[in-house]
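Accompanying notes for the structure given below.
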């Protein structure tokens, strides 16, 4: 990749993106595409930062302008929830609400793994996960949005059982109950389940999202700025989704640098919905950058500083 852009003008990120991809998009194809797509995503984020700092303007201005002054976030509780009992989920959810978040996401189906042939074991895991969700809902009350990530652990029959069990919990969304390749089955669930569905964190580039969007596999798509092709391609994916009136909620269980890249992208996207933020993992997270990362009342302010508006704090 270095040979494609070495010696080129770093203040032209979209031109550099096209040079990296080579016009064909094959770098995004297949399972091996994740490595190439992630590398391009990292380079693209860096180029928008470089371009903004070279021109002394924030990245969002180069991207066409700031549609919103702050970005709404939901708290992803997964890795920060060390106690995986229902009580542990309840405590972590309540802590996120106390920190100002009005939307929290749980990933409760730890016991549902791989061997779906063991139906009794899987259904037991399903019930354990639902118990965790019920505890979280009771802890946060009915006014806070509750999101659920299934990590693609179910098949269609089990996903339908899941839908029936979680309907009383009034979910904000149900995320990726099925493996990513089951697009038609996911579209069927989306059309008939009566719950907002979300997904797409593992797709790379517009080509990866094409069928997912056109077949309306989910109500909300979730491109990840670290893997989907960086800021440049995330915005193009969002434009593709906007044609079908599908909102975008970037997947982002990430550190403060990728989060800020997501903030700049989200500030410019017409059909932006909400951004993921990893809650409660480490207390020093915000100190990795200058100025320190700050989430207030569940929002991150879109910065006015040049580039991404942050610097790594190497102290």
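The values are calculated or read from the model by the stated rules, or taken from the named source; none is laboratory data. Please read all numbers here as calculations on a predicted model, not as lab measurements. Here Cβ is always computed from backbone atoms with ideal geometry, including for glycine, and neighbour counts include all displayed protein chains.
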* When only residues in segment 90-112 that are within 22 Å of the chain's Cα centre (by Cα) and surrounded by fewer than 17 Cβ atoms within 10 Å (Cβ to Cβ) count, which is modelled with the lowest pLDDT? -> 110
* Out of the residues in segment 304-314 that are touching a helix residue (DSSP H, G or I) at 6+ places or on another chain (Cβ under 7 Å) and within 21 Å of residue 272 (Cα to Cα), state the one that is surrounded by the fewest Cβ atoms within 10 Å (Cβ to Cβ). => 309
* Could you check how many residues of segment 257-279 are surrounded by fewer than 24 Cβ atoms within 10 Å (Cβ to Cβ), touching a residue at least 40 places away in the same chain (Cβ under 8 Å), more than 19 Å from residue 62 (Cβ to Cβ) and touching a helix residue (DSSP H, G or I) at 6+ places or on another chain (Cβ under 6 Å)? => 1
* To do: Filter segment 297-315 for residues that are more than 15 Å from residue 48 (Cβ to Cβ) and not in a strand (DSSP E or B) and give the result.
  => 297, 298, 304, 313, 314, 315
* Asked: Restricting attention to segment 201-218, which residues are out of contact with any helix residue (DSSP H, G or I) (no Cβ under 6 Å at 6 or more places or on another chain) and closer than 20 Å to residue 146 by Cα?
  -> 201
* Asked: What's the number of the condition residue 86 fails, among (1) crowded, with 19+ Cβ neighbours inside 10 Å; (2) closer than 25 Å to residue 263 by Cα; (3) in the same structural domain as residue 262 (by TED's automatic domain parsing)?
  -> (2)
* Quick one: would you say residue 12 is more than 20 Å from residue 203 (Cβ to Cβ), modelled with pLDDT under 95 and either in contact with a helix residue (DSSP H, G or I) (Cβ under 8 Å, 6 or more places away or on another chain) or surrounded by 13 or more Cβ atoms within 10 Å (Cβ to Cβ) (or both)? -> no
* For residues that are touching a strand residue (DSSP E or B) at 6+ places or on another chain (Cβ under 6 Å) and surrounded by fewer than 16 Cβ atoms within 10 Å (Cβ to Cβ), scanning just segment 280-303, find the one that is farthest from residue 70 (Cα to Cα). => 290
